[in-house]
Amino acid sequence: LGRKINSALASLAHKPAIDAEALDAMLKDLCRALLEADVNVKLVGALRTNIKNLVNLDELASAPVASQRRLVQRAVFDELVRLVDPSGGAATDRWQPVKGKPNVIMFVGLQGSGKTTSCTKLAYYYAKKGFKTAMVCTDTFRAGAFDQLKQNATKAKIPYYGSYTETDPVQIAVDGVARFKKDKFELIIIDTSGCHVTEAELFGEMTSIADVVQPDNIIFVMDGTIGQSAEIQARNFKNAVNVGSIVMTKMDGHAKGGGAISAVAATGSPIIFIGTGEHMQDLERFDARGFISKMMGMGDIGGLVEKLQDLKLENKDFIKHMEQGVYTMRDFREQLTNMMSLGPMSKIMSMMPGMPADLLGAGGDEMGTKRMRKMLAVMDSMTDAELDSDGQVFKDQPTRVERLARGAGSPLVEVQMLLQMHAQFAGMVKKMGGKNGWMTQMKQMQ
Ligand code: GDP
Ligand code: MG
């Protein structure tokens with residue numbers, strides 16, 4: 001989807017000026033891409049109208065073509081953000097657990113949507129942030145449900161509650177919550193069944209649990225790959241219980257996600273997290289601006305910074321530099337080093353602005369890591385002055401590049417590629433930093 005949106009926008013790059021015709025052609029491509037990704041036709045129509053209204057062609061006519069293009073891009077970006085987040089990316093009314101009190105969270109969603117997995121991911125996420133967290137399994141319908149939760153919880157080192165003998169999910173919920181409240185747990189996550197003899201019974205069970213437990217938030221888990229039917233499904237759940245937030249799963253791989261986008265619009269509940277894999281760390285806080293930005297190949301600096309802040313950075317200047325729009329060789333080295341400890345390369349890469357998606361190449365994560373190590377070896381043979389520079393010194397003195405290649409035992413082209421990559425990032429960071437930069441804007445949004 002991102003590629004298609006970009007190619008729609010890229011069609012404007014060859015135009016000497018952006019007139020009504022060029023804009024219409026771009027909008028047509030954009031809308032087709034969205035429809036192919038299962039976004040609801042009404043929403044696509046509204047998006048088209050909004051963009052047309054946002055872009056005032058008469059006013060544009062006298063502007064240089066580069067700023068015309070920027071304006072259109074901005075309008076497209078903003079409207080796409082509004083599509084996945086009714087509040088327009090303001091992210092103000094997001095649910096957050098509060099420290100020092102029991103936060104009871106209930107997960108609902110159809111069987112197979114990823115509830116149990118997401119419960120564990122959320123528990124793991126907040127346990128890492130210092131919350132005393134526990135899980136309760138109320139799925140007595142599906143055989144093996146308790147075993148699955150037990151296994152997950154044990155792996156994540158999260159205390160859990162469930163029963164092999166009690167068959168009433170409501171009773172289990174009451175008992176589990178009471179026990180963990182007594183032990184001063186701060187986050188109590190209730191996993192529920194997603195399947196029953198009839199849908200009415202499933203919704204009945206859900207409402208009974210919600211009625212007695214009175215959760216602080218009900219999270220609807222939705223499979224991001226299901227396409228158009230997501231909208232009806234989301235509306236049904238919303239009608240049965242008071243859905244407060246959405247977790248969208250399976251956003252790794254080739255999820256179209258368009259149906260999920262439609263569902264968000266249908267329920268008005270914000271997506272708070274997305275699942276990006278089967279492992280417990282594969283959970284990302286959802287931020288509409290970052291999500292769209294990433295989709296459009298602009299990177300997700302917000303997400304990257306959050307990840308980086310979790311680390312103990314050797315180079316304390318890094319985040320400050322990013323904010324200022326400065327990006328030295330040393331920053332680049334720092335980034336590469338940390339990327340390797342942050343998790344699967346492919347995921348971190350997708351957060352980096354301007355990172356070519358195919359950098360990992362055919363070998364995937366393993367080859368990518370190897371390549372990354374080689375790049376680090378090159379940077380190890382740089383002097384301090386070179387590391388603290390913006391890379392220009394290498395352009396001015398080609399002999400230095402040869403020296404690096406010799407020092408690291410790498411072919412010259414690899415060193416050149418590294419320098420080129422640094423220059424590319426530096427360009428992006430420069431655009432994003434500073435008073436009018438993207439980082440500042442994002443901070444103000446939050
Ligand atoms: P539940 O029936 O709603 O509790 O769903 P489960 O948590 O048991 O998940 C169903 C399947 O989806 C399992 O095989 C999970 O590993 C898988 N799954 C859940 N979340 C994700 C995700 O974000 N990405 C991928 N690739 N698989 C997921
Ligand atoms: Mg389950």
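The values are calculated or read from the model by the stated rules, or taken from the named source; none is laboratory data. What you see is a predicted model; the values in this text were computed from it and never measured. Here the Cβ positions follow ideal geometry from the backbone for every residue, glycine too, while neighbour counts run over all protein chains shown.
Numbers at a glance
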{"read-out": "Failed item in (1) over 28 Å from the mean Cα position of the chain (by Cα); (2) at positive phi; (3) within 16 Å of ligand 2 (Cβ to nearest atom), with Tyr161 passing the rest", "value": "(2)"}
{"read-out": "Of all residues making up the stretch 382-419, the number that are farther than 23 Å from Lys430 by Cα, part of a helix (DSSP H, G or I) and not β-branched (Val, Ile, Thr)", "value": "11"}
{"read-out": "Given (1) in a loop (DSSP other than H, G, I, E, B); (2) more than 12 Å from ligand 2 (Cβ to nearest atom), index of the condition Tyr125 fails", "value": "(1)"}
{"read-out": "Check on Ala134, hydrophobic (A, V, I, L, M, F, W, C), more than 26 Å from Glu231 (Cα to Cα) and near ligand 1 (Cβ under 8 Å from one of its atoms)", "value": "no"}
{"read-out": "Residue, surrounded by the most Cβ atoms within 10 Å (Cβ to Cβ), within the stretch 200-233, restricted to residues that are assigned to a helix (DSSP H, G or I), away from ligand 1 (no atom under 15 Å from the Cβ) and acidic (Asp, Glu)", "value": "Glu231"}
{"read-out": "Number of the condition not met by Lys155 [criteria: (1) away from ligand 2 (no atom under 16 Å from the Cβ); (2) modelled with pLDDT of 95 or more; (3) farther than 18 Å from Met106 by Cα]", "value": "(1)"}
{"read-out": "Only one of Leu122, Leu27 that is within 16 Å of ligand 1 (Cβ to nearest atom) and surrounded by 15 or more Cβ atoms within 10 Å (Cβ to Cβ)", "value": "Leu122"}
{"read-out": "Residue within the stretch 111-121 that is without any contact (Cβ under 8 Å) to a residue 60 or more places away in the chain and of a type outside the set (A, V, I, L, M) present", "value": "no"}
{"read-out": "Residues that are away from ligand 2 (no atom under 14 Å from the Cβ) and of a type in the set (A, V, I, L, M, F, W, C), drawn from the stretch 191-208", "value": "Val197, Ala200, Phe203"}
{"read-out": "Members of the stretch 112-122 found to be near ligand 2 (Cβ under 9 Å from one of its atoms) and in a helix (DSSP H, G or I), listed by number", "value": "Lys115, Thr116, Thr117, Cys119"}
{"read-out": "Residues of the stretch 412-433 satisfying the condition of being under 14 Å from Ala377 (Cα atoms) and crowded, with 21+ Cβ neighbours inside 10 Å", "value": "Val415, Leu418"}
{"read-out": "Qualifying residue in the stretch 271-289 (condition: modelled with pLDDT of 85 or more, hydroxyl-bearing (Ser, Thr, Tyr) and within 16 Å of ligand 2 (Cβ to nearest atom))", "value": "no"}
{"read-out": "Residues within the stretch 7-22 that are under 24 Å from the mean Cα position of the chain (by Cα) and surrounded by 15 or more Cβ atoms within 10 Å (Cβ to Cβ), tallied", "value": "2"}
{"read-out": "Any helices (runs of 4 or more DSSP H) falling wholly within the stretch 1-88 and containing at least 1 residues that are among the hydroxyl-bearing types (Ser, Thr, Tyr) and more than 30 Å from Gln233 (Cβ to Cβ)", "value": "2-10, 65-84"}
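Matching residues to (1) modelled with pLDDT under 95; (2) over 22 Å from Arg179 (Cα atoms); (3) in contact with a helix residue (DSSP H, G or I) (Cβ under 6 Å, 6 or more places away or on another chain); (4) crowded, with 18+ Cβ neighbours inside 10 Å:
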position: Val41; (1), (2), (3), (4): yes, yes, no, no
position: Ile51; (1), (2), (3), (4): yes, yes, yes, yes
position: Leu80; (1), (2), (3), (4): yes, yes, yes, yes
position: Val108; (1), (2), (3), (4): no, no, yes, yes
position: Thr140; (1), (2), (3), (4): yes, no, yes, yes
